[in-house]
Amino acid sequence: MSFYIAGTGSALPGKVVSNEDLTAFLDTSDEWIYTRTGIRRRRVLTDETLNGLAVLSAQRALEDAGVQGKDVDLILCATMRGDTVTPSLACAVAEAIGSRAPALDVNAACVGVLYCMEIADSFIAAGKAETVLIVSAEAMSKLLDWTDRSTCVLFGDGSGALVLKKGAGRLAGVLSTDPDTHVIRMPNYEGLNSPYNQSAREPLSMHMDGGEVYKFAVNAMGRNIEEVCRLAGIAPAEVDWYLPHQANIRIIDASLRKFRIRKEKVLTNIAEYGNMSATSVSVLLDEYARRGTFKKGDRLLFVAFGAGLTSGAVLVEWGRG
């Protein structure tokens, strides 16, 4: 016995930044960005806090699932960096929803939600939890070099959440890491307050080798799709809906091309939100769930890759309690 998805929620900043808006301070164009990435717009934080978005998406998921905060047995937050180093973002969510459940953050970059789903599976299978709240929240706009058009045009901010309850909806899951700390890198500001610190300070901004990321992403996503389907005893063509990480439309197309998946099965919202790191798949799920896209018994395949280099896939059956 594992889990099923009982509810979803999301919350996005109010500020919409179009590709045209970026031309005010970058040597770029809407055509240049869109043809290379599939992105038209993204949301960015202004006066909102990441904690605020995380709490709102959690509350919406709990309401959708018909669950109160006090009934949650475990809270997992997928994020690269919350508003504070400590307490964790998960603790901030717990405080806001009135939960005393164990709460912790998980940093697996863009694959964070999938890592959280598999951790939740282990807790539920071990009998340590029956209801798990997963929240993803990323403030990518605060972590970028806004003079670097190769990276800053890719990302957006947002939060998503899902409630998992004990059930038989999870069909299979795979996680992996191909350790590489250079291809995608974002350092911390460490030692600023220490009079003894002698280490060199790296700029706090995203570094990414686009060519290497592309090769890894296409191979890893394809490999994980094959493996998770093999474990579930189905063919990739039998999956009803693919929910891939929204990094780049070219990566999505290339990673699925070998399986000859019909395009209408592949869900995307990258044009509107860009790459929201761990948040991408949870916002994608909530958006299409609230449209009534999924029917009971549909097979949903989540697949993602991220810094680390992490990757994974989780296959679930919708509506199977």
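Among the candidates 128, 165, single out the residue that is in a loop (DSSP other than H, G, I, E, B) and either within 30 Å of residue 20 (Cβ to Cβ) or open to solvent by 10 Å² or more (accessible area, probe 1.4 Å) (or both).
Values: 165 fails: in a loop (DSSP other than H, G, I, E, B).
Sole residue among the options that is in a loop (DSSP other than H, G, I, E, B) and either within 30 Å of residue 20 (Cβ to Cβ) or open to solvent by 10 Å² or more (accessible area, probe 1.4 Å) (or both): 128.
This table checks each residue for (1) farther than 25 Å from residue 185 by Cα; (2) crowded, with 18+ Cβ neighbours inside 10 Å; (3) of a type in the set (S, T, N, Q).
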position	(1), (2), (3)
11	yes, yes, no
26	no, no, no
61	yes, yes, no
72	yes, yes, no
82	no, yes, no
88	no, yes, yes
104	no, no, no
113	no, yes, no
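In the stretch 182-203, how many are in contact (Cβ under 8 Å) with a residue 40 or more places away in the chain and either exposed (fewer than 14 other Cβ atoms within 10 Å of the Cβ) or in contact with a Gly (Cβ under 8 Å, 6 or more places away or on another chain) (or both)? Before you say what the answer is, go through the steps one by one.
Restricting attention to the stretch 182-203, the residues satisfying the condition of being in contact (Cβ under 8 Å) with a residue 40 or more places away in the chain are 183-186, 203.
Then drop every residue that is not either exposed (fewer than 14 other Cβ atoms within 10 Å of the Cβ) or in contact with a Gly (Cβ under 8 Å, 6 or more places away or on another chain) (or both), which leaves 184, 203.
Qualifying residue count, the stretch 182-203: 2.
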Does the stretch 46-54 contain at least one residue that is acidic (Asp, Glu) and in contact with a helix residue (DSSP H, G or I) (Cβ under 7 Å, 6 or more places away or on another chain)?
no
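Can you find even one residue in the stretch 143-156 that is touching a helix residue (DSSP H, G or I) at 6+ places or on another chain (Cβ under 9 Å), over 30 Å from residue 37 (Cβ atoms), modelled with pLDDT of 95 or more and of a type in the set (Val, Ile, Thr)? Walk me through how you get there before you give the answer.
Looking only at the stretch 143-156, we keep the residues that are touching a helix residue (DSSP H, G or I) at 6+ places or on another chain (Cβ under 9 Å), and these are 144-146, 149-156.
Next cut, over 30 Å from residue 37 (Cβ atoms) only: none.
Scanning the stretch 143-156 turns up no residue that is touching a helix residue (DSSP H, G or I) at 6+ places or on another chain (Cβ under 9 Å), over 30 Å from residue 37 (Cβ atoms), modelled with pLDDT of 95 or more and of a type in the set (Val, Ile, Thr).
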What's the total number of residues in the stretch 56-113 that are under 18 Å from the mean Cα position of the chain (by Cα) and among the β-branched types (Val, Ile, Thr)?
6
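Suppose the filter is out of contact with any Leu (no Cβ under 9 Å at 6 or more places or on another chain) and closer than 20 Å to residue 78 by Cα; does residue 259 pass it? Talk me through it step by step, then tell me what you get.
Numbers: out of contact with any Leu (no Cβ under 9 Å at 6 or more places or on another chain): yes; closer than 20 Å to residue 78 by Cα: no.
For residue 259, the condition - out of contact with any Leu (no Cβ under 9 Å at 6 or more places or on another chain) and closer than 20 Å to residue 78 by Cα - is not met.
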Among 209, 253, 240, which is in contact with a His (Cβ under 8 Å, 6 or more places away or on another chain) and surrounded by fewer than 23 Cβ atoms within 10 Å (Cβ to Cβ)?
209
Sort out which residues of the stretch 93-102 are open to solvent by less than 20 Å² (accessible area, probe 1.4 Å) and within 21 Å of residue 283 (Cβ to Cβ), and write them in order of number.
93
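Condition check: within 24 Å of residue 21 (Cβ to Cβ) and surrounded by 14 or more Cβ atoms within 10 Å (Cβ to Cβ). Does residue 171 satisfy that? Write out each step before concluding.
Numbers: within 24 Å of residue 21 (Cβ to Cβ): no; surrounded by 14 or more Cβ atoms within 10 Å (Cβ to Cβ): yes.
Answer is no for this residue.
Pick from 176, 159, 136, 150: which is among the hydroxyl-bearing types (Ser, Thr, Tyr) and over 23 Å from residue 274 (Cα atoms)?
On the way: 159 fails: over 23 Å from residue 274 (Cα atoms); 136 fails: over 23 Å from residue 274 (Cα atoms); 150 fails: over 23 Å from residue 274 (Cα atoms).
Exactly one of 176, 159, 136, 150 is among the hydroxyl-bearing types (Ser, Thr, Tyr) and over 23 Å from residue 274 (Cα atoms), namely 176.
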Residues of the stretch 131-153 classified as out of contact with any Gly (no Cβ under 6 Å at 6 or more places or on another chain) and either open to solvent by less than 30 Å² (accessible area, probe 1.4 Å) or under 18 Å from residue 303 (Cα atoms) (or both), total
15
Counting only residues that are modelled with pLDDT of 95 or more, touching a Lys or Arg at 6+ places or on another chain (Cβ under 6 Å) and in a loop (DSSP other than H, G, I, E, B), the stretch 297-321 contains a total of 0
From the set of residues in the stretch 115-125 that are under 14 Å from the mean Cα position of the chain (by Cα) and open to solvent by less than 10 Å² (accessible area, probe 1.4 Å), which is nearest to residue 301 (Cα to Cα)?
117
Only unsatisfied item for residue 54, checking (1) surrounded by fewer than 21 Cβ atoms within 10 Å (Cβ to Cβ); (2) within 18 Å of residue 284 (Cβ to Cβ), is (1)
Only one of (1) under 26 Å from residue 168 (Cβ atoms); (2) touching a strand residue (DSSP E or B) at 6+ places or on another chain (Cβ under 9 Å); (3) not in a helix (DSSP H, G or I) does not apply to residue 137, and that is (1)
If I ask for residues that are in contact (Cβ under 8 Å) with a residue 40 or more places away in the chain and either surrounded by fewer than 17 Cβ atoms within 10 Å (Cβ to Cβ) or not hydrophobic (A, V, I, L, M, F, W, C) (or both), which ones from the stretch 39-51 would you list?
40, 41, 42, 43, 51
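Looking only at the stretch 288-321, which residues are free of Cβ contacts under 8 Å to residues at least 60 places away in the same chain, open to solvent by 40 Å² or more (accessible area, probe 1.4 Å) and touching a Gly at 6+ places or on another chain (Cβ under 7 Å)? Spell out the reasoning first.
Pass one, the stretch 288-321, residues free of Cβ contacts under 8 Å to residues at least 60 places away in the same chain: 288, 291-298.
Those left that are additionally open to solvent by 40 Å² or more (accessible area, probe 1.4 Å): 291-292, 295-296.
Correct list: 296 only.
The values are calculated or read from the model by the stated rules, or taken from the named source; none is laboratory data. This is a predicted model, so every value here is computed, not measured. FYI the Cβ positions are ideal-geometry reconstructions off the backbone, even for glycines, and counts take in every protein chain you see. These area figures cover heavy atoms from the full protein model, side chains too; ligands, DNA and RNA do not enter into them. Shrake-Rupley method; radii C 1.70, N 1.55, O 1.52, S 1.80 Å.
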